[in-house]
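Working notes, structure below.
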Amino acid sequence: MASSTPVPSNDPLTEHKAILALIHKFLSGIKLRNPTLMHSCILPSGHALLIRPIADKISSLVEHSHQSTSPRQHLQITLPEVIDRIPFDSPVSMEENIALTVWEDGDDGDKYGGRKSEIRVDGDIAFAWTPYEVRLGGVLHHVGTNVFSFVRRLDGPEKGSWVIAYVGDTFKEVQMS
């Protein structure tokens, strides 16, 4: 009987592709407004460190969104809380895109300042460094870099597959002309 449990590959590119697919699955949950999809990609006990402008309300964020030096804060929260922060019921479309890796076909042009996404794997841990952009209503809202940490699932039906254990990111407001 064949097992559906993922087996770690000896091919680094196969591992890198699996991790990149997980990142895209996680981020697609934003555009699809699907928190359940996003939760399926994370370690429920995982954490995040988000660097954000100091703003408690959307109006405050909009007020500061065009200032490159707005005050910052470190938000240390759980991964489920990251997902809970996303306004899935907003009428404005949302999407987050990341830079291509060096081994992917395509050209980002100057979209990410020439930077590429990077992935590193060592056994059952991995990380990805991904320049990103967020668009709200199709308009570029902010950019930055994500740092994802991954571990392999130790048990359950998806034993051996990758899961997001940590997310850190920067936040740079886009200057409007």
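The values are calculated or read from the model by the stated rules, or taken from the named source; none is laboratory data. Please read these numbers as outputs of a predicted model, since none were measured by experiment. Counting neighbours? That spans all protein chains shown, and the Cβs are built from the backbone with ideal geometry, glycine included. The accessibility values were calculated without ligands, DNA or RNA, using every heavy atom of the protein model including side chains. Shrake-Rupley method; radii C 1.70, N 1.55, O 1.52, S 1.80 Å.
Heavy-atom accessible area, probed at 1.4 angstrom with all protein chains present, ranks 36, 101 as 36, 101, highest first.
Taking all C-alpha pairs of the stretch 66-117, those more than 13 Å from each other amount to 75 percent.
Here is the list for the stretch 79-165: chymotrypsin sites (Phe, Trp or Tyr not before Pro) lying in DSSP coil, each with at most 15 other C-beta atoms within 10 angstrom of its C-beta, are 88, 103. Counting only heavy atoms of the protein chains and using a 1.4 Å probe, residue 17 has close to 110 Å² of accessible surface. Dividing the convex hull volume of the alpha-carbon atoms in the stretch 93-177 by its residue count gives 125 Å³ per residue.
Residue order by solvent-accessible surface for 100, 20, 154 is 154, 100, 20, largest first, with ligands and nucleic acids left out and a 1.4 Å probe. Surface calculation, 1.4 Å probe, protein heavy atoms: residue 117 sits at approximately 10 Å² accessible.
The heavy atoms of residue 115 present about 90 square angstrom of accessible area, all protein chains included, probe 1.4 Å.
Can you sort 139, 167 by 1.4 Å-probe accessible area, starting with the largest? Each step should come with its number before you reach the end.
Values: 139 80, 167 10 Å².
From most accessible down to least: 139, 167.
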